[in-house]
Amino acid sequence: MSMKSSFLALAWAVACCIAAAEPAPLSFVRIKSTYGSAQHEPASLVARNAQELEELVQRHGAPAIPKPGALIADVQNHMVIGIFLGDRPSPGYGMSVQSVEQVNEQLVVTYQEYIPDKTAVHAAALMQLFEIIQTPQTRLPVVCKGLPAISIDEANRRSQSKQKTSSAS
């Protein structure tokens with residue numbers, strides 16, 4: 001094999017490895033995102049079939065979301081992921097799934113927690129943050145990754161900045 005052929009083969013192998021490591025974004029649908037759950041401890045729950053979906057609904061608390069059949073039409077092609085952050089001391093907190101990506105051999109769900117501003121005044125009331133999403137079915141292991149918590153005001157500033165940037169384009 002010539003030096004040029006060896007170099008091309010090596011370049012191709014490196015390019016394939018880099019392409020495989022890049023995240024592949026996947027679509028997802030928000031089913032429910034709010035506070036108030038029977039799940040008081042932090043947890044990430046994945047439902048890939050009707051039985052697992054029923055378990056997720058039972059752990060979350062049946063009255064808060066529809067019966068399993070209403071969540072997704074086809075458990076063969078979709079799965080449900082519930083991210084529960086556990087108890088928070090007031091309704092000034094929030095959360096939102098930011099992305100779902102296939103990274104290497106994992107499905108990575110990235111979420112952002114929002115915390116009250118230090119100057120905000122909120123009634124003391126125990127809340128349980130959660131978000132439940134639906135995404136295409138996969139057998140890959142699911143990893144839920146939280147970004148550093150930011151204030152709600154900071155989240156609004158970032159959102160307005162993105163809107164200005166996209167409307168200027």
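Tabulated results
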quantity: Residue count for the stretch 122-144, restricted to those that are under 21 Å from D87 (Cβ atoms), touching a strand residue (DSSP E or B) at 6+ places or on another chain (Cβ under 7 Å) and without any contact (Cβ under 8 Å) to a residue 40 or more places away in the chain; calculated: 1
quantity: Residues that are part of a helix (DSSP H, G or I), hydrophobic (A, V, I, L, M, F, W, C) and at pLDDT 85 or above, drawn from the stretch 44-79; calculated: A50, L53, L56
quantity: Residues (among the hydroxyl-bearing types (S, T, Y) and surrounded by fewer than 20 Cβ atoms within 10 Å (Cβ to Cβ)) located in the stretch 94-115; calculated: S96, S99, T110, Y114
quantity: Search result, residues across the stretch 136-161 that are closer than 25 Å to H40 by Cβ and assigned to a strand (DSSP E or B); calculated: V142, V143, C144, K145, G146, I150, S151
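The values are calculated or read from the model by the stated rules, or taken from the named source; none is laboratory data. These numbers were taken from a predicted model, which means no experiment stands behind them. Please note: Cβ atoms are built from the backbone with ideal geometry, for glycine as well, and neighbour counts cover all protein chains shown.
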